[in-house]
């Protein structure tokens, strides 16, 4: 009995001797590694999507990457999705970029900062005639996460529906 | 089977009489035969017993149906209880592994916790001051960009794409003709820090899978023939 207790105490002491410095070192080192490396540049993509309540087109191949989002309840009212436009561009930290879209809207996008997993961004979408800002938002999002902006009704050719802009950004430098 | 009457009464006639289906002209003959022939009366009584027996059996069967249904319900309950018990047993089995592990670590449990607490205290006391004396946030921030509060700016009238005032803005790079879509993370959820709707109304919807900002354009749809 006594022998067993002594053995346990010895084992505990040895374990503490090994674990304590390691734990201190790990805890001390953690903030340095967890501290987000500043992202100076991000690649962004915008997909302009027309969502229609008529038709049975479903999700076209070029929008398959958005399948999970377009099958969400939020889009349950729409039966067909049409890709109107897709653009890729790069934004730099603290330098607002603006891109013109074929719908007439202009999208301003800024990289404001980042943490380990998310980018902090600012988006500004103008109306189609450019006379006013429809929305101005600061948001943070995981790399390549999608922010959707629905900008009202739209007709493309003979297809009428609702206009969606899918905005994605991911750190690149 | 004969009687003293002129025409013998057959079993079929007796059965038909018993069921009340015998022709009227033969009923009297059968009645008379029953009065005179004890064996025929016994046979008639046998038919009565048989009918009673069948009726009793049918009633017993009818009474047994609810019991059978009751058994079915109980079977269902039993199966549900058994399934729950099995799931609980699985959960307990999983828990018992951790329980055993926890029990196995009993001798060193307290020293390890003390060491971890000490390490955490040391780290909290030492870490922030050494690398970050001014307590700057860990999130890298843009150097001089005011983001709060967010105000929707009045934009100038839209110019032709070539004439857009991009001089003050960093011009975006050219679109990649072989654009490959980015792989969307499973939880594509935006955290909105500030928002200003320029239209009459707007709203934010966040389902966990996707974040949608709803804004309203002018009511008249715009035509566009441009497409990729």
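Here is how the numbers come out for the structure above:
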item: Condition check for residue A:147: in a strand (DSSP E or B) and over 16 Å from residue B:181 (Cβ atoms); result: no
item: Failed item in (1) more than 24 Å from residue A:59 (Cβ to Cβ); (2) within 7 Å of chain B (Cβ to nearest Cβ); (3) not in a strand (DSSP E or B), with residue A:135 passing the rest; result: (3)
item: Some residue of region A:113-126 being more than 7 Å from every other protein chain (Cβ to nearest Cβ), within 19 Å of residue A:63 (Cα to Cα) and not in a strand (DSSP E or B); result: no
item: Selection within region A:17-45 - at pLDDT 70 or above, facing chain B (nearest Cβ under 10 Å) and surrounded by 18 or more Cβ atoms within 10 Å (Cβ to Cβ); result: A:39, A:43, A:44, A:45
item: Residues of region A:146-172 classified as within 16 Å of the chain's Cα centre (by Cα) and modelled with pLDDT under 90, total; result: 1
item: Test: residue A:58 is under 20 Å from residue A:173 (Cα atoms), surrounded by fewer than 21 Cβ atoms within 10 Å (Cβ to Cβ) and touching a strand residue (DSSP E or B) at 6+ places or on another chain (Cβ under 9 Å); result: no
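The values are calculated or read from the model by the stated rules, or taken from the named source; none is laboratory data. Here the structure is a predicted model, which means the values were calculated and not measured. When we count neighbours, we look across all protein chains shown, and the Cβ atoms used for this are built from the backbone with ideal geometry, even at glycine.
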